[in-house]
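Let me begin by presenting the structure, written as structure tokens, before commenting on it.
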Amino acid sequence: MRFCFALLVASGLAACAPAGEFPSLASRPGEGTTSTEPVVRPPVAVASDPALLARIAGLRGQVAEGDQAFQAAVGGTAAAANRAGASGSESWVEAQLLLSRLEAARRSSLVALADLDALRLARAQQPTFVGDFAALEAALLEASETVARQQERIDSIRARLAR
């Protein structure tokens, strides 16, 4: 009984609010604008870094090695996938093994792509000669396209084996 009385009194007091006008919750005029200006960084004169260019060339070579290994293996894998029988058959298992080897053959391309990406992120945080950074981005784009082409071939072979 006391609990009901206390609850009734509390709810009655909660409904009491002073009469008058309350402020709007709409945005105020100054809230829609920002007063921060973009950061302007003056260009830093940096010389070309031969070590960076050598690293980029080495990674490009690694991508090419991985692509050569991939190209050497893709023909046999595609042929095995075309000959593959039903899922679980001996020919299907053989094609799956060749597909695994094909994926392993492109490993150096994938590693080089990851290294180029990490190098780009690292060099973006420090002063780098514009030409060196452009060479790095070009190598990264080339590696990305190579790996994407390889993945498309793998996906098409995998689709043939999934039937």
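The rows are residues; the columns are (1) aliphatic (A, V, I, L, M); (2) closer than 16 Å to residue 61 by Cβ; (3) touching a helix residue (DSSP H, G or I) at 6+ places or on another chain (Cβ under 7 Å); (4) surrounded by fewer than 17 Cβ atoms within 10 Å (Cβ to Cβ).
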| residue | (1), (2), (3), (4) |
| --- | --- |
| 73 | yes, no, yes, no |
| 93 | yes, no, no, yes |
| 102 | yes, no, yes, no |
| 115 | no, yes, yes, no |
| 118 | yes, no, no, yes |
| 122 | yes, no, no, yes |
| 126 | no, no, no, yes |
| 129 | no, no, no, no |
| 143 | yes, yes, yes, no |
| field | Answer residue from region 40-63, given it is part of a helix (DSSP H, G or I) and without any contact (Cβ under 8 Å) to a residue 40 or more places away in the chain and is nearest to residue 150 (Cα to Cα) among those | value | 61
| said: Checking the condition more than 25 Å from the chain's Cα centre (by Cα) and either in contact (Cβ under 8 Å) with a residue 40 or more places away in the chain or on the phi > 0 side of the Ramachandran plot (or both), which residue from 131, 88, 66, 75 passes? | reply: 88
| query | Do we find that residue 67 is acidic (Asp, Glu), exposed (fewer than 15 other Cβ atoms within 10 Å of the Cβ) and part of a helix (DSSP H, G or I) in this structure? | reply | no
| message | For region 114-132, check the following and say yes or no: at least one residue is at pLDDT 95 or above, of a type in the set (A, V, I, L, M) and farther than 25 Å from residue 46 by Cβ. | response | yes
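The values are calculated or read from the model by the stated rules, or taken from the named source; none is laboratory data. All figures in this text were calculated on a predicted structure; none of them were measured in a lab. Positions of Cβ are generated from backbone atoms using ideal geometry, with glycine treated the same way; all protein chains shown enter the neighbour counts.
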